[in-house]
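The values are calculated or read from the model by the stated rules, or taken from the named source; none is laboratory data. As the structure is a computational prediction, the values presented were derived from the model and not from experiment. Every residue, glycine among them, receives a Cβ derived from its backbone with ideal geometry; neighbour counts consider all protein chains shown. Surface areas here come from the heavy atoms of the whole protein model, side chains and all, with no ligands, DNA or RNA. Shrake-Rupley method; radii C 1.70, N 1.55, O 1.52, S 1.80 Å.
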Amino acid sequence: MRKRAEARQTDILGVLNGCDRPMTAYQILERLQVTEPDIAPPTVYRTLSALTDQGRAHRLESIRAFVPCRCSHAESLPVLAICDDCGSVDEHDGSALLPKLTTLTDQNAFQAKQHIVEIHGLCGSCAA
């Protein structure tokens, strides 16, 4: 029996929220296969795409992984600080940066569809 999209999204968000590190689509798939052996990669990818389109999850382009959205981004800019040592991700509201980025892109008439900033470095625990 196929699950409805909403139930599938809840399942995947549950997996993401249950992990304190970013997860690849295949890591998510492995976790789901414990209870649903027949789930296929396209199902996970479609669901992750829907979740990112809805702003309920973020795709970390630089490491090809996903994290749940932990802030409200109606008219803001998610800034994701990614620790290169332990892999933790802290999410910040970068609303103040949005006008500056828009000014930069307006110079070339570029129309952004999505704003996300990824910053790599070391978290406080790893830098100490």
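In this structure the amide hydrogen of Glu118, modeled in the peptide plane, comes within under 5 Å of the amide hydrogens of Leu80, none closer than 5 places in sequence on its chain.
Within the listed set Gln33, Gln111, Gln54, the Gaussian network model of the chain (springs between alpha-carbon atoms below 10 Å) gives the highest mean-square fluctuation for Gln111.
Summed over the residues of the chain and divided among them, the accessible surface reaches 65 Å² per residue at a probe radius of 1.4 Å.
Stokes-Einstein diffusion of the chain at 20 °C, 1.002 mPa s viscosity, Kirkwood radius from Cα pairs, rounded to a whole number: 134 µm²/s.
Helix-derived [θ] at 222 nm for the chain: sum -39500 (n - 2.57) over DSSP H runs of at least 4, divide by residue count, nearest 500? Computed ellipticity for the chain at 222 nm equals -11000 deg cm²/dmol. Comparing Arg64, Arg21, Arg56 in a Gaussian network model of the chain (Cα springs below 10 Å), the most mobile by mean-square fluctuation is Arg64. Largest accessible area first, the residues Thr102, Thr10 order themselves as Thr10, Thr102 under a 1.4 Å probe with ligands, DNA and RNA left out.
Helices meeting the span-like rule in the chain (full DSSP H runs, Cα extent of at least 15 Å along the helix axis, mean Kyte-Doolittle score of 0.0 or higher): 5-17.
With a ≥ b ≥ c taken as the square roots of the eigenvalues of the C-alpha gyration tensor of the range 8-55, please select rounded if a/c is under 1.5 and otherwise prolate if a/b is larger than b/c or oblate if it is not? In terms of gyration-tensor shape, oblate.
Protein-only accessible surface at a 1.4 angstrom probe places the residues Leu98, Leu122 in the order Leu122, Leu98, largest first. The phi-based Karplus calculation (6.51 cos²θ - 1.76 cosθ + 1.60; θ = phi - 60°) puts the 3J(HN,Hα) values of the range 107-117 at 4, 10, 6, 7, 10, 6, 9, 8, 10, 8, 10 Hz, whole numbers, x for Gly and Pro. Tell me which residues come under 5 Å, amide H to amide H, from Ser88 once H is placed; ignore anything under 5 positions away on its chain. For Ser88, whose amide H was placed from the backbone, the distant partners under 5 Å are Cys83. Taking all protein chains as they are arranged and a probe of 1.4 Å, the heavy atoms of Glu36 leave approximately 40 Å² accessible to solvent. Solvent-accessible area of the range 49-97 (1.4 angstrom probe, protein heavy atoms only): carbon and sulfur portion equals 45 percent. Projecting the Cα atoms of Leu51, Cys126, Ser88 onto the dipole axis of the chain, where Lys and Arg carry +1 and Asp and Glu carry -1 at the beta carbon, places Leu51 farthest toward the positive end. Less than 5 angstrom separates the built amide H of Ala57 from those of Thr52, Cys69, all sequence-distant by 5 or more or on a different chain.
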